[in-house]
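Working notes, beginning with the structure itself.
The values are calculated or read from the model by the stated rules, or taken from the named source; none is laboratory data. As the structure is a prediction and not an experimental result, all values here were calculated from the model. Cβ sites come from the backbone with ideal geometry, for glycine too, and all protein chains shown count toward neighbours.
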Amino acid sequence: MDERLTVEGAAGAAPAVAPAAEGAAAPAAGTAQRAGLLASIGEALRGSHRDYTTGSIPRAIFLLAVPMVIEMAMESLFAVADVFWVSRLGADAVAIVGLTESMISLVYAVAFGLAMAATATVARRIGEKDPDGAAVAAVQTIALGLLVALPLGVVGALTARPLLGLMGAGAETIEACGGYTAVMFGGNATILLLFLINAVFRGAGDAAVAMRTLWLANGLNIVLDPCFIFGWGPFPELGVTGAAVATNLGRGIGVLYLLRQLAKGSSHLAVRREHLCIVPERLLGILRLSGTAMFQMVISTTSWIGLVRVIADFGSAALAGYTIGIRVVIFGLLPSWGMSNAAATMVGQSLGAGKPERAERSVWLACFYNFVFLGLVGATFVSAAPLIVSAFTRDPAVAAFGVDCLRIVSYGFLFYAYGMVLTQAFNGAGDPWTPTWINFGCFWLFEIPLAWVLAQEFALGPRGVFVAIAVAFSTYAVVGAWLFKRGRWKSRKV
């Protein structure tokens, strides 16, 4: 009997012991997962030495995306910091910033075009295990950037004020604030080179270098903005022009840091003395690829000029509200460009390694991750729009337009998530023509006419422009997904 009791007692005790063991295992597993996540974040921030053409796709996307998302968040802070301080000078100053951004979008178009070519070419060479070819491609891309930046800076600085007049700015506003536009155009080389060299590092898989550069450049811009605008301490009081000076100084120092990193070498890429030469066939190849990419971005970014021109007819308050709203939207969207750039790097390196299926899987995973991220951002912007806009202006007329812009454009964020990743996937594959034609159809043939009709014919005013933006970008995502599924991008040569 004692043996039976002992056996029964042991049997009865067994269920009590098992849950205790399971309960102990669950916290241990959770601790291990958190430790693994922290280790991955640390690896991403330090710069990973992994080969992204093999192994776990979600892990590869994570390691690439973390520094790229932070980099793009830092990039968006340039715009937000400028408009935050400039808004203290009044609606006219904010309007000049908005008009300048719409015109200097041509510089960004060139920068993005060259950056796309740099990312695609460098990523393909890295995927082919050809680091010397990647270094030579980097040098050719930087040379092209300088050739474009110098004449553009001279012409832009000299014609800044007449261009503002063509965009609808008043004579008094131009006289008071036109220096901002001249300095931004004159210093466009800092924009181009920062984009280009960062794109080179992203294509090589060294996204952490680009991220650290934006930390440096943005930190300087944030500190210097109020110093030059308001004349704090030993700095001259330059008004709105001071924002342009601070931005160019911050970006310029960032460029110097990047050049030093190229010479020093990173985990995947190093430019040595023997790479410092112009190779005509490589230069022409990048020029052809970047030419199409630039055309793509010109179509996309100049469409904003058309939108700004429609809004300008409704006065400075409407234009200032639009500028604030769009700056906040860009702040929300730019981090998700980090996810898009991660997808582009994965596509380029996977195709270079002869793994198109890995490339496709990477894109759809990146789309889903971006969908979740932008869904949360969009919901925040819609619900908190008045609070967010109030940080930039106390003018009720400006604030009303800013809230409308932020809310209406944010309704399309879930579509934007897919459209942004798919665009970069085509570019990363060396197929810039597909998104170029989508841009032309969705933005020039559809968005701008729709904005004018809704604003003028349907008497919706600026709100009609905001609706047109949301509808056009959502349409872009649907068309892009359909074309990506056809798979022609897989056979592109770079």
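Some points to look at:
- L283 vs. criteria under 22 Å from K493 (Cα atoms), surrounded by fewer than 23 Cβ atoms within 10 Å (Cβ to Cβ) and more than 22 Å from the chain's Cα centre (by Cα): yes
- Checked against (1) surrounded by fewer than 19 Cβ atoms within 10 Å (Cβ to Cβ); (2) over 22 Å from R260 (Cβ atoms), A123 passes all but condition (1).
- Close pairs (7 angstrom Cβ cut-off, 6 or more residues apart or separate chains): under 17 Å from L351 (Cα atoms) in the range 39-59, in a loop (DSSP other than H, G, I, E, B) anywhere: Y52/G205; T53/A353; T53/K355
- G178 vs. criteria of a type outside the set (V, I, T), farther than 28 Å from A293 by Cβ, part of a helix (DSSP H, G or I) and in contact (Cβ under 8 Å) with a residue 60 or more places away in the chain: yes
- Considering residues of the range 476-494 that are surrounded by fewer than 20 Cβ atoms within 10 Å (Cβ to Cβ) and touching a helix residue (DSSP H, G or I) at 6+ places or on another chain (Cβ under 7 Å) only, the residue modelled with the lowest pLDDT: K490
- In the set V97, V122, V86, only one residue is in a helix (DSSP H, G or I), within 17 Å of I326 (Cα to Cα), modelled with pLDDT of 85 or more and aliphatic (A, V, I, L, M); that residue is V86.
- Top-ranked residue of the range 223-262 - restricted to ones that are hydroxyl-bearing (S, T, Y) and closer than 23 Å to A157 by Cα, ranked as farthest from the chain's Cα centre (by Cα): T241
- From the options L220, L216, L192, residue that is touching a helix residue (DSSP H, G or I) at 6+ places or on another chain (Cβ under 6 Å), closer than 16 Å to I104 by Cβ and either part of a helix (DSSP H, G or I) or among the aromatic types (F, W, Y) (or both): L192
- When the range 254-282 is limited to residues that are touching a Ser or Thr at 6+ places or on another chain (Cβ under 9 Å) and aliphatic (A, V, I, L, M), the one that is nearest to D130 (Cα to Cα) turns out to be L258.
- Among the residues of the range 112-128, none qualifies, meaning not one is closer than 30 Å to G170 by Cβ and small (G, A, S).
- Residues of the range 460-485 classified as more than 26 Å from the chain's Cα centre (by Cα) and at negative phi, total: 1
- Screening the range 347-459 for helices (runs of 4 or more DSSP H) wholly inside it with 1 or more residues that are among the aromatic types (F, W, Y), surrounded by fewer than 24 Cβ atoms within 10 Å (Cβ to Cβ) and under 22 Å from the mean Cα position of the chain (by Cα) returns the ranges 356-390, 413-428, 433-439.
For (1) at positive phi; (2) surrounded by 20 or more Cβ atoms within 10 Å (Cβ to Cβ), each residue gets a yes or a no:
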position: G168; (1), (2): yes, no
position: E172; (1), (2): no, no
position: E175; (1), (2): no, no
position: G178; (1), (2): no, yes
position: I191; (1), (2): no, yes
position: V200; (1), (2): no, yes
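- Test result for V200, touching a residue at least 12 places away in the same chain (Cβ under 8 Å), in a helix (DSSP H, G or I) and under 18 Å from G265 (Cβ atoms): yes
This table checks each residue for (1) in contact (Cβ under 8 Å) with a residue 24 or more places away in the chain; (2) among the polar types (S, T, N, Q); (3) over 30 Å from V94 (Cα atoms); (4) not in a helix (DSSP H, G or I).
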| position | (1), (2), (3), (4) |
| --- | --- |
| P236 | no, no, no, yes |
| T241 | yes, yes, no, no |
| A246 | yes, no, no, no |
| L249 | yes, no, no, no |
| Y257 | yes, no, yes, no |
| R260 | no, no, yes, no |
| A263 | no, no, yes, no |
| A270 | yes, no, yes, yes |
